[in-house]
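Colleague: Before anything else, here's the structure in question.
The values are calculated or read from the model by the stated rules, or taken from the named source; none is laboratory data. Please read all numbers here as calculations on a predicted model, not as lab measurements. Counting neighbours? That spans all protein chains shown, and the Cβs are built from the backbone with ideal geometry, glycine included. When the accessible area is computed, the model is the full protein with side chains, heavy atoms only, and any ligands, DNA or RNA have been set aside. Shrake-Rupley method; radii C 1.70, N 1.55, O 1.52, S 1.80 Å.
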Amino acid sequence: MAFQFEPSVVVDTLPMLMRGLKLTIYITLGGLSLGFFLGALAGLMKLSRNFLVRKLAGFYVETIRGTPMLVQAMFLYFGVPMALGMRIPPLVAGILVIAVNSGAYIAEIVRGAVQSINPGQMEAARSIGLRRGQAMLYVVWPQAFKRMIPPLGNQFIISLKDTSLLMVIGVGELLRTGQEIVAVNFRAFEVYLAVAIVYLAMTISISWGLRCLEKRLQIQSR
Amino acid sequence: MIEIKNLHKSFGSLEVLKGIDLTVNKGEVVCIIGPSGSGKSTVLRCINKLEVPTSGTVIVDGHDIMSRETDINYVRTEAGMVFQQFNLFPHMNVLANVTLGPIKVRGVNRDEADKLGLELLAKVGLADKARNYPEQLSGGQKQRVAIARSLALQPRVMLFDEPTSALDPELVGEVLEVMKQLAMEGMTMIVVTHEMNFAREVADRVIFIDQGVIQEANEPKEFFANPKHPRLRDFLGKVQLAC
């Protein structure tokens with residue numbers, strides 16, 4: 001029996017994917033918001049004058065960056081509950097994994113961007129009597145943030161795609177939903193094509209959104 | 001106003017300052033000259049603790065900057081600093097550059113800070129640039145904004161670290177003019193500079209630093225007419241040749 005491509009199946013599949021898409025969006029938004037917070041914190045900790053604080057952040061970044069996210073997800077969802085004696089809902093586990101994982105990469109993005117700002121900026125801010133934290137908040141951070149946008153966009157796209165790995169811990173996200181549809185209609189080609197199209201639509205939206213943000217910030221000088 | 005005693009500063013194994021003693025009185029204008037790498041900027045940066053002295057005493061308006069009890073952020077508002085590279089905040093407009101200190105450090109409300117900021121910008125001749133961003137300004141204009149930014153904290157002494165060295169020659173005058181005006185108003189100033197004419201004209205005292213120590217200090221007329229130290233004679237000869 002020869003393979004017959006049925007474009008109509010792709011079109012019919014798209015609305016059925018919506019439930020999974022919703023979860024993917026929740027996990028991505030939740031995970032990345034938390035991940036940005038974690039990453040900013042760890043990135044700034046890496047610039048601390050305190051040796052211990054620096055090492056702590058370094059340990060976080062190295063361990064997370066050095067292990068596969070799939071392993072992290074399975075460890076958190078199947079492993080940690082055995083130690084805690086309580087289950088973690090898949091959605092919560094999913095958001096946590098994305099947050100902790102992206103946070104490690106975002107930490108390096110934040111550190112690099114902050115370090116790229118001319119030290120004269122910090123000095124000038126301190127010279128008018130601002131405390132270190134104030135100088136960071138009002139002077140260095142806003143300039144560093146602009147430089148973070150392109151690499152952050154990269155990371156956001158990677159994290160969005162990585163949510164597909166969460167199907168192994170039973171999160172009914174986009175890919176998992178697709179898989180369930182295939183289990184019923186056996187149209188793997190059309191269904192996974194539809195899944196891919198949805199991912200692509202989302203990643204393109206992120207790129208576009210960040211480009212707009214970058215342009216808006218660029219209107220005001222460097 | 002400023003009392004420096006036996007100031008030493010090392011960067012790793014490199015000893016940049018080898019015992020500097022300097023007293024600057026209220027209202028005095030002191031110019032520091034010397035070859036590059038001689039430590040003259042480091043002296044200035046030690047006064048508001050942008051560099052932490054290795055040893056010695058630095059007292060600014062009665063505050064010992066080395067003491068644990070001293071709030072260094074307060075001392076920095078007393079000693080305004082102007083940098084060679086201006087270091088304006090590029091993401092803020094000119095007025096916001098000037099008012100950041102008053103608002104965040106002094107807790108002045110925005111309206112009052114804006115009023116003060118516009119006054120200071122008028123003083124340095126840039127009231128019409130208040131809403132511009134730093135990158136839209138020339139070097140001389142940037143440096144005048146930087147001076148206004150420091151003045152916004154109402155400092156008791158102003159430190160200038162080669163304020164005209166990064167400027168195109170035709171823009172030097174406008175910055176020196178503002179500094180001259182400040183000096184005439186009685187501001188205490190320490191100026192690290194290569195502008196010999198400015199030193200001759202405005203300074204009460206000129207100091208020559210070389211190899212980490214003050215080699216010579218004198219009132220400007222005598223300093224330039226009768227340099228005693230051979231290294232100073234050599235230095236002045238080279239500088240004047242270049243002019």
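Colleague: Helix B:110-123 against the longest principal axis of chain B: what's the angle in degrees, Cα atoms only, rounded to the nearest 10?
Modeller: 50 degrees
Colleague: If you don't mind, another one. Taking every DSSP beta bridge that has both residues in the protein assembly as shown, what percent is antiparallel when rounded to the nearest 5?
Modeller: Details: 20 of 37 bridges.
Counting DSSP beta bridges with both partners in the protein assembly as shown, the antiparallel share is about 55 percent.
Colleague: Compute the signed sum of charges (Lys and Arg +1, Asp and Glu -1) over the other residues within less than 11 Å, Cβ to Cβ, of B:Val60.
Modeller: Details: positive: B:Lys49, B:Arg76, B:Arg156; negative: B:Glu3, B:Asp61, B:Asp64, B:Glu78.
Residues close to B:Val60 contribute a combined charge of -1.
Colleague: Largest first and in whole Å, give the semi-axes of the stretch B:130-243's equivalent ellipsoid, each being the square root of 5 times a Cα gyration tensor eigenvalue. Don't skip to the end; give the middle numbers.
Modeller: Details: eigenvalues 159, 54, 27 Å².
Semi-axes from the Cα gyration tensor: 28, 16, 12 Å.
Colleague: B:Glu135 accessible area, nearest 10 Å², 1.4 Å probe?
Modeller: Rounded to the nearest 10, that gives 100 Å².
Colleague: On to the next question. Let a ≥ b ≥ c be the square roots of the eigenvalues of the Cα gyration tensor of the stretch A:1-98; is it rounded (a/c under 1.5), or, if not, prolate (a/b larger than b/c) or oblate? Working shown, then result.
Modeller: Values: a/c = 2.67, a/b = 2.13, b/c = 1.25.
In terms of gyration-tensor shape, prolate.
Colleague: For helix B:94-104, what angle does its Cα long axis make with the longest principal axis of chain B, in degrees from 0 to 90 and rounded to 10?
Modeller: Once rounded, one gets 90 degrees.
Colleague: Now a separate question. Going down the list A:Lys22/A:Lys161; B:Lys40/B:Lys129; A:Lys146/B:Lys142; B:Lys18/B:Lys49, which pairs span over 25 Å between their C-alpha atoms? Write down the numbers at each step before the final one.
Modeller: Working: A:Lys22/A:Lys161 14 Å; B:Lys40/B:Lys129 33 Å; A:Lys146/B:Lys142 22 Å; B:Lys18/B:Lys49 17 Å.
Distance filter (> 25 Å) returns B:Lys40/B:Lys129.
Colleague: Just tell me, in residue order, which DSSP H segments of chain A are both 20 angstrom or longer along the helix axis (alpha-carbon based) and at least 1.6 in mean Kyte-Doolittle hydropathy.
Modeller: Correct list, ordered by number: empty.
Colleague: Right, something else. Less than 14 Å Cβ to Cβ from B:Gly27, Lys/Arg counted +1 and Asp/Glu -1: what total charge do the surrounding residues give?
Modeller: Numbers: positive: B:Lys26, B:Arg156, B:Arg205; negative: B:Glu28, B:Asp61, B:Glu185, B:Asp204.
Within the 14 Å Cβ shell, the charges total -1.
Colleague: Let me ask something additional. Taking Cα atoms, how many degrees apart are the long axis of helix B:169-184 and the longest axis of chain B, rounded to 10 and kept between 0 and 90?
Modeller: Taking the Cα atoms of chain B, the angle to B:169-184 is about 90 degrees.
Colleague: Report in % the part of the accessible area of chain A that belongs to carbon and sulfur, leaving out ligands and nucleic acids; probe 1.4 Å.
Modeller: Numbers: 8180 of 11840 Å².
That share works out to 69 percent.
Colleague: Right, next: Would chain A count as rounded, prolate or oblate if I go by the C-alpha gyration tensor, calling it rounded below 1.5 in a/c and otherwise prolate when a/b exceeds b/c, oblate otherwise? All intermediate terms of the calculation are to be shown ahead of the outcome.
Modeller: Values: a/c = 3.41, a/b = 1.72, b/c = 1.98.
It comes out oblate by the Cα gyration axes.
Colleague: Additional query: Could you grab the relative contact order for the stretch A:150-217? Cα pairs under 8 Å, six or more apart, rounded to a whole percent. Intermediate results must be reported in sequence, preceding the final value.
Modeller: Working: 29 pairs, mean separation 23.4, N = 68.
Dividing the mean separation by the residue count of the stretch A:150-217 yields 34 percent.
Colleague: Under the Karplus relation 6.51 cos²θ - 1.76 cosθ + 1.60, θ = phi - 60°, what is the ordered set of whole-Hz ³J(HN,Hα) values for the stretch B:81-92, x standing for Gly and Pro?
Modeller: 10, 10, 9, 4, 8, 6, 6, 5, 8, x, 8, 10
Colleague: If you take the Cα Rg of chain B and divide it by 2.2 N^0.38 Å, with N the number of residues, what do you get?
Modeller: With N residues counted in chain B, Rg over 2.2 N^0.38 Å equals 1.01.
Colleague: For every other residue with a beta carbon closer than 14 angstrom to the beta carbon of B:Pro230, add +1 if it is Lys or Arg and -1 if Asp or Glu, then tell me the sum.
Modeller: Details: positive: B:Lys228, B:Arg231, B:Arg233, B:Lys238; negative: B:Asp210, B:Glu216, B:Asp234.
With Lys, Arg at +1 and Asp, Glu at -1, the neighbours total +1.
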